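Structure incoming, see below.
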Amino acid sequence: MDTQTALQTARLIVEDLSEKVESPETDRLDFYLKDKKNLVVAATGLRVQHLGYLAAITGLDPGAEQEALEVLYHFCTGYVTITLRVNVPKASPSIPTLTDIIPGAEPFERELSEMFGITVSGLRNPAHLYLPDDWAEGDYPLRKDFQLQVQPAQSQTKVN
Amino acid sequence: MQKKMTGEQFTVPIGPQHPALKEPAHFSITVDGEIVTNAFVRLGYAHRGIEKAAEERNWVQTQYLLERICGICSHIHSTAYCLGVEKLAGIEASPRAQAIRVLVAELERIHSHLLWLGVAAHEAGFDTLFMYSWRDRESVMDILEGLSGNRVNYSANLLGGVKCDIDSAQDEAIRKGLEFLKERLKHYLDIVTSDALFLLRTRGIGVMTRNQAEVLGAVGPTARASNVAREIRVEAPYSMYMEIPPIIILETNGDLEARFVVRIKEMIESCRLINEILDYLPPGELTVRVPRRIKPAETIMRVEAPRGELFYFIKSNGTDKPERVRVRTPTICNMTSVVKLAIGSQLADIPVILAGIDPCFSCNDRSVLVDRRGNKACIWTWEELRQYGIRYYYGDRT
Amino acid sequence: MESNKNLWKSQLDHIKTWGRINSPWLLHFNSGSCNGCDIEILATLTPRYDLERFGVKLMGSPRHADVLVCTGAISRQARDRLLRIYEQMHEPKFVVAVGACALSGGVFHDCYNVMGGIDRLLPVDVYIPGCPPRPEAIIDGVVKLLGSLKPTPIITPQVDLQPENEPETFLEIGRS
């Protein structure tokens with residue numbers, strides 16, 4: 001579908017579920033969803049209309065002192081990128097999975113959960129994607145307050 | 001006919017010392033007789049924490065970091081980053097710089113596809129094709145070295161433009177190199193579509209239908225071989241592609257042969273594009289000044305890497321360091337599709353199915369497939385699996 | 001007598017090593033690199049550079065290899081694999097570190113998942129710098145490794161030789 005149709009269709013589907021809609025660049029629409037429960041509904045609506053494919057999931061940590069993380073779901077078609085933005089409180093970081101409607105979301109969600117410590121409920125295989133098996137629980141590298149407890153170089157022994 | 005459940009379980013770690021794929025990977029596959037019943041992917045061997053490191057470096061240093069995400073597609077990573085940062089800063093590189101960027105990107109596409117052709121042929125047992133294609137690839141490396149000074153990690157980009165220029169001597173060298181390549185590419189297209197032994201391992205193997213490709217989110221030549229027209233240079237053109245658009249190459253069969261054909265035809269198309277850019281090359285400055293601090297904003301940049309769509313999300317916070325750089329590489333999208341394709345196919349086809357998506361593991365990380373069923377465990381090396389596939393199809397012929 | 005025996009034994013070991021390593025078999029391991037160095041190593045096998053004419057072969061298994069060619073900054077996940085491969089190799093074995101990341105971690109030296117250069121884990125014999133090093137540089141490194149294994153002469157002079165007409169300067173050597 002062409003750009004204008006895509007933007008209008010996206011507004012029709014997602015605007016009611018959002019508290020705010022912004023257009024940070026031409027051909028981009030950012031929908032700030034009211035609640036994470038609206039995520040699956042919005043994504044299903046976009047899929048049913050064949051409005052783009054899930055290109056990426058981005059996690060954002062606005063700062064150590066902020067109370068919530070933000071998760072962005074990017075749907076792309078042609079020039080247009082529709083982003084669904086969901087706030088996830090650090091106190092109870094969990095978000096529903098999209099893998100039931102979009103199987104290709106699995107690696108993105110696994111990465112999100114290991115990098116930011118967000119539990120993706122309903123994810124069938126939540127194993128680590130990139131981080132090593134012996135990575136410490138509770139260490140989330142992409143959070144702003146992440147400090148590596150032990151430098152890898154110091155903790156390893158050397159072969160003589 | 002009832003299939004006998006043998007209860008045999010194979011763990012095939014495509015171990016780190018992989019002679020051909022060159023990527024530390026770990027796959028584990030469960031087989032029932034010959035048929036793969038389950039497959040799992042484990043990444044992590046080349047995970048270096050680049051997204052985190054980018055937050056601690058300034059805009060210029062981050063570019064050198066991101067170039068080294070992947071040695072094969074280093075230029076396209078830095079192009080996506082530079083285009084994104086220039087968008088944030090509200091400036092645009094000069095037409096000459098854009099043209100040179102795109103020219104190097106197309107040369108990189110050719111070198112990457114030739115590299116893949118050799119590696120995939122090696123997986124199928126065709127070492128002659130591997131040697132020939134890598135020899136021909138040297139002509140592209142010579143051109144790139146003449147332009148930028150390095151064969152790999154050419155580092156042609158700067159924030160605001162490019163470092164290297166093209167004079168008439170280089171222009172002539174590029175055209176001559178491409179003439180030689182076009183002949184060789186036509187020859188490879190011929191081999192890939194007509195050699196009987198080759199077709200035994202590629203025709204009808206690893207078929208992904210159009211619907212499957214759309215649902216599983218495949219991108220790049222893997223998707224285009226299944227008739228899904230996902231090509232960022234055509235559907236969302238950026239930089240010089242708006243003036244000189246490429247023709248999208250589609251195949252309908254969705255099998256391995258189609259993936260070979262799509263990539264070879266793309267190389268021929270890239271040769272045409274490069275010649276057009278050389279004809280069009282406008283005069284002008286090579287760089288434009290970019291401010292040290294960039295005002296707070298977010299941008300999304302999508303470009304077409306040799307393997308598919310490369311997605312960059314860059315966020316600035318008013319300082320001289322990026323707030324967040326999110327890199328989503330194409331192979332991770334295609335990885336889900338390869339796992340689904342592996343299930344139901346023969347064990348002997350696994351090496352070529354994996355090679356068919358042109359996996360760039362360092363772009364994502366290594367993959368490990370681990371699957372358990374039954375009691376008896378058997379561990380193979382990748383070389384053993386590869387040899388098994390060759391013996392399965394060709395018996396004593398090779 | 002004892003010292004002569006030791007001298008002979010060490011020289012014999014040298015010759016044995018040199019004999020085995022005259023045609024070394026390499027094992028390549030990528031411990032977390034971007035593949036730039038790996039494709040240059042693979043390029044050394046291709047017709048233009050052709051490492052095989054020196055008798056060097058790339059093997060698939062650590063048990064058959066003499067030289068471990070290692071690229072990449074060691075990532076935590078790859079560390080155990082690398083150690084295991086090194087232990088599986090038989091003596092005499094040598095380690096070649098290829099590329100800036102293998103020397104010191106390169107651009108990734110302070111990343112959270114990266115240990116650093118190969119010499120944090122294994123004893124390295126040859127360092128080949130570059131990002132990535134050219135195939136010629138890699139061949140040069142391997143050839144230098146072979147050269148360093150050549151045995152030293154068995155008989156070493158015990159007496160200082162004092163030539164009677166020792167020239168004063170180099171210019172004199174030419175004239176006399």
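Since every read-out is calculated from the coordinates, none of them should be taken as a lab result. This is a predicted model, so every value here is computed, not measured. Don't worry about glycine lacking a Cβ; one is built from the backbone with ideal geometry, like all the others, and counts go over all protein chains shown.
Where nothing but the Cβ of Lys and Arg (+1) and of Asp and Glu (-1) is charged, how large is the charge dipole of the stretch B:50-332 around its Cα centre, in debye to the nearest 20?
Values: 37 positive and 39 negative charges, 167 e Å.
It comes to approximately 800 debye.
For the stretch B:229-306, give the magnitude of the charge dipole about the Cα centre (Cβ charges: +1 Lys/Arg, -1 Asp/Glu; no others), in debye to the nearest 20.
Values: 11 positive and 13 negative charges, 120 e Å.
Approximately 580 debye in magnitude.
Okay, next question. Can you pull the mean other chain C-beta count within 10 Å for peptide B:320-331? Present the calculation step by step, with values, prior to reporting the outcome.
Numbers: counts 0, 0, 0, 5, 7, 1, 8, 2, 8, 1, 0, 1.
Average per residue, whole number: 3.
Could you rank the peptides C:91-104, B:138-151, B:239-252 by their average count of other C-beta atoms within 10 Å per residue, with the highest value first? Spell out each step's value before the answer.
Values: C:91-104: 23.2, B:138-151: 19.3, B:239-252: 16.8.
Peptide ranking by packing, descending: C:91-104, B:138-151, B:239-252.
What are the aspartates and glutamates whose alpha-carbon lies under 16 Å from the alpha-carbon of residue B:321, with same-chain residues fewer than 8 places away excluded?
A:61, B:51, B:55, B:56, B:86, B:298
Can you give the mean number of other chain Cβ atoms that lie within 10 Å of the Cβ atoms in peptide B:107-120? Could the numbers behind the result be given before it?
Numbers: counts 0, 0, 0, 0, 1, 1, 0, 0, 4, 0, 0, 2, 2, 0.
Counting Cβ atoms of other protein chains within 10 Å of each residue's Cβ and averaging gives 1.
Next question. Among the aspartates and glutamates, which have Cα under 17 Å from the Cα of residue C:93 when same-chain residues fewer than 8 positions away are ignored?
Of all the aspartates and glutamates, those that pass the test against residue C:93 - Cα under 17 Å, at least 8 places apart if same chain - are C:13, C:66, C:119, C:125.
Which is farthest toward the positive dipole end of the stretch B:222-333 among B:244, B:299, B:232, measuring Cα position about the Cα centre, with Cβ charges +1 (Lys, Arg) and -1 (Asp, Glu)?
B:299
Are any of the pairs A:36/A:90; B:87/B:295; B:186/B:265; A:37/B:315; C:9/C:144 more than 20 Å apart by Cα-Cα distance, and if so, which? List each step's numbers first, then the result.
Numbers: A:36/A:90 14 Å; B:87/B:295 11 Å; B:186/B:265 9 Å; A:37/B:315 26 Å; C:9/C:144 24 Å.
Beyond 20 Å: A:37/B:315; C:9/C:144.
On to the next question. Work out the length of the dipole vector of the stretch C:10-140 about its Cα centre, built from +1 on the beta-carbon of each Lys and Arg and -1 on the beta-carbon of each Asp and Glu, and round it to the nearest 20 debye.
Numbers: 13 positive and 14 negative charges, 57 e Å.
Roughly 280 debye for the stretch C:10-140.
Taking each residue in A:104-112, count the Cβ atoms of any other chain within 10 Å of its Cβ, then average. What number comes out?
Values: counts 13, 2, 6, 11, 5, 0, 1, 6, 0.
So the per-residue partner count for this stretch is 5.
Turning to a different aspect of this structure: Label residue C:5 and residue B:172 with points 7 Å out from Cα along Cα→Cβ: what is the distance between them in nm?
The answer from the label model is 7.4 nm.
Something else: Could you state the per residue volume, in Å³, of the convex hull enclosing the Cα atoms of the stretch B:259-308? Before the final figure, lay out the partial values.
Working: hull volume 6.0 nm³, N = 50.
Given the Cα convex hull of the stretch B:259-308, per-residue volume reads 121 Å³.
Would you please put B:321-328, A:114-121 in order of how densely packed they are, using the mean number of other Cβ atoms within 10 angstrom per residue and starting with the highest? Write down the numbers at each step before the final one.
Numbers: B:321-328: 21.2, A:114-121: 19.0.
Descending packing order for the listed peptides: B:321-328, A:114-121.
Same structure, new question: Could you rank the peptides B:257-263, A:14-20 by their average count of other C-beta atoms within 10 Å per residue, with the highest value first? Write down the numbers at each step before the final one.
Working: B:257-263: 25.0, A:14-20: 15.3.
Ranking the peptides B:257-263, A:14-20 by packing returns B:257-263, A:14-20.
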